[in-house]
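The structure appears right after this line, and notes come after that.
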Number of protein chains: 2
Amino acid sequence: MTQNQNDIDYSMLNTLVGYRLRRAQIAYFENFTATCTEQGVTPGLFGILAIVLNNPGLTQTAVAQAIHTDRSAMVAAVDKLEKLKLMERRPSENDRRSYALYLTPEGERFTHALHQKVLAHESHFEQVMKPGEKEQMLDMLMRIIDLVN
Amino acid sequence: MTQNQNDIDYSMLNTLVGYRLRRAQIAYFENFTATCTEQGVTPGLFGILAIVLNNPGLTQTAVAQAIHTDRSAMVAAVDKLEKLKLMERRPSENDRRSYALYLTPEGERFTHALHQKVLAHESHFEQVMKPGEKEQMLDMLMRIIDLVN
DNA sequence: TATTGTTATACTCTATAACTATA
DNA sequence: TATAGTTATAGAGTATAACAATA
């Protein structure tokens with residue numbers, strides 16, 4: 001009988017908040033990816049939909065900044081969302097270089113529905129949280145994020 | 001004046017624990033990566049060092065499982081660590097197919113020192129935590145991780 | 001000059017398949 | 001037959017550089 005995974009000593013990695021954040025994020029992300037895939041999009045595409053839903057008319061570059069990615073990556077992403085008839089590029093009114101992004105009515109329904117599905121899948125993790133812990137975690141994570149942004 | 005990042009409505013993404021975990025993990029990871037880079041290794045190589053330090057004699061496949069990656073990725077990683085004279089492959093005593101991994105004395109010193117540097121950098125984030133919150137966060141994250149493993 | 005969208009490109013990380021030598 | 005290490009390869013995600021159109 002060789003040493004199996006349960007016997008591994010993680011004492012060094014276990015002292016690091018960053019390592020546990022990473023492992024927990026991967027756990028959530030697997031769930032999230034599966035939910036998105038069922039609906040025919042990727043996590044990245046959902047992020048774009050979620051931003052444009054509540055911020056209609058943003059340019060591609062503005063959305064790229066909002067989700068912390070490069071504007072060059074937006075081109076193929078918006079192409080896909082247009083092909084899915086969830087989003088559309090409209091000519092910007094005052095700047096002929098840029099597009100204003102809007103969800104189609106179907107895109108709005110799709111995004112709301114997917115959001116609810118993701119929330120439902122996330123609730124799976126709440127069985128290991130005590131009352132109030134989810135809110136406290138959200139609050140603590142936001143303070144960490146705000147520290148570097 | 002166009003809409004800047006501070007004006008973006010993140011209300012949908014902000015309801016998702018997974019999204020905040022991801023953003024917070026990225027914040028920690030940038031710090032972690034910089035600390036590793038200063039010492040000439042990558043975050044992935046540090047993970048391997050940290051496991052082998054406390055679990056000397058593991059095979060490559062066992063280490064791969066411990067850090068949740070594929071054994072094929074271990075080959076180049078261990079090659080690099082051997083070239084840095086931090087780790088060595090020794091023939092396994094009872095199985096000529098496999099190697100037993102050990103840190104060199106220099107590898108042990110290096111790993112302890114890097115661990116301390118990472119911890120020191122992580123303390124930067126503790127300025128936004130209240131007393132006891134770090135421990136509570138570590139505990140909560142572990143419960144989430146254990147749920148899926 | 002600077003910025004937007006675009007294209008081409010590269011780099012990292014990760015995963016898969018197939019091979020060999022051993023078990 | 002199954003497993004350990006290895007190699008080649010492919011995919012996703014992300015970043016950089018350069019270009020045309022426009023500001």
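The values are calculated or read from the model by the stated rules, or taken from the named source; none is laboratory data. Keep in mind it's a predicted model, so treat the numbers as computed, not measured. Counting neighbours? That spans all protein chains shown, and the Cβs are built from the backbone with ideal geometry, glycine included. When the accessible area is computed, the model is the full protein with side chains, heavy atoms only, and any ligands, DNA or RNA have been set aside. Shrake-Rupley method; radii C 1.70, N 1.55, O 1.52, S 1.80 Å.
Output needed for region A:1-70: three equivalent-ellipsoid semi-axes, defined as square roots of 5 times the C-alpha gyration tensor eigenvalues, in descending order, whole Å.
On the way: eigenvalues 266, 53, 12 Å².
Equivalent-ellipsoid dimensions as semi-axes: 36, 16, 8 Å.
B:Val128 sits with roughly 30 Å² accessible to a 1.4 Å probe, with DNA, RNA and ligands left out of the calculation. Electrostatic tally near B:Glu82: other residues with Cβ closer than 13 Å to its Cβ, Lys and Arg +1, Asp and Glu -1, net +2. Would you jot down the residues in region A:22-49 that end up with at least 30 Å² less accessible area in the complete protein assembly than in the chain alone, with a 1.4 Å probe? Residues losing area: A:Arg22, A:Arg23, A:Ala24, A:Gln25, A:Ala27, A:Tyr28.
At full extension, A:Phe29 and A:Ser11 could sit 4.0 nm farther apart than now, given 0.36 nm per residue minus the alpha carbon distance.
Under a Cβ-Cβ cut-off of 13 Å, what is the net charge of the residues other than B:Asp146 that fall near it, where Lys and Arg count +1 and Asp and Glu count -1?
Numbers: positive: A:Arg20, A:Arg23, B:Arg143; negative: B:Asp139.
My count for the surroundings of B:Asp146 gives +2.
For B:Arg96, A:Arg143, A:Arg109, A:Arg22, what's the largest-to-smallest order of accessible area, 1.4 Å probe?
B:Arg96, A:Arg109, A:Arg22, A:Arg143
Per residue, what accessible area does region B:17-148 have, given a 1.4 Å probe and all protein chains present, in Å²? Can you show the working numbers first?
Values: 6790 Å² over 132 residues.
For region B:17-148, the per-residue accessible area is 51 Å².
Of the listed residues B:Val118, A:Val75, the order by accessible area with a 1.4 Å probe, largest first, is A:Val75, B:Val118. Only protein heavy atoms count here; under a 1.4 Å probe, B:Ser72 has an accessible surface of about 90 Å².
Using just its DSSP H runs of length 4 or more, each adding -39500 (n - 2.57), chain B gives a mean residue ellipticity at 222 nm of -19000 deg cm²/dmol after division by all residues. Its alpha carbons give region A:17-148 an Rg and a Dmax of 16.6, 53 Å.
Please give, to one decimal in nm, the separation of the simple spin-label points placed at A:Ser98 and A:Ala120, each 7 Å out from Cα toward the Cβ. According to this spin-label approximation, the distance is 3.7 nm. Note on chain B: with a GNM built from Cα contacts shorter than 10 Å, the maximum mean-square fluctuation among B:Tyr19, B:Tyr102, B:Tyr28 falls on B:Tyr19. Cross-linked pairs A:Lys85/A:Lys117; B:Lys85/B:Lys134; A:Lys85/A:Lys134; B:Lys85/B:Lys117: Cα-Cα separations exceed 30 Å for B:Lys85/B:Lys134; A:Lys85/A:Lys134.
Among the DSSP helices (H) of chain A, those spanning at least 18 angstrom by Cα along their long axis with an average Kyte-Doolittle hydropathy of 0.0 or more are A:133-148; this is a geometric and hydropathy rule only. B:Glu135 sits with roughly 110 Å² accessible to a 1.4 Å probe, with DNA, RNA and ligands left out of the calculation. The fraction of accessible area contributed by carbon and sulfur in chain A is 51 percent, rounded to a whole number (1.4 Å probe; ligands and nucleic acids excluded). Each of A:Ile144, B:Ile67 has its accessible area taken with a 1.4 Å probe; listed largest first, they run B:Ile67, A:Ile144. Total buried accessible area between A and B, probe 1.4 Å, nearest 100: 6200 Å².
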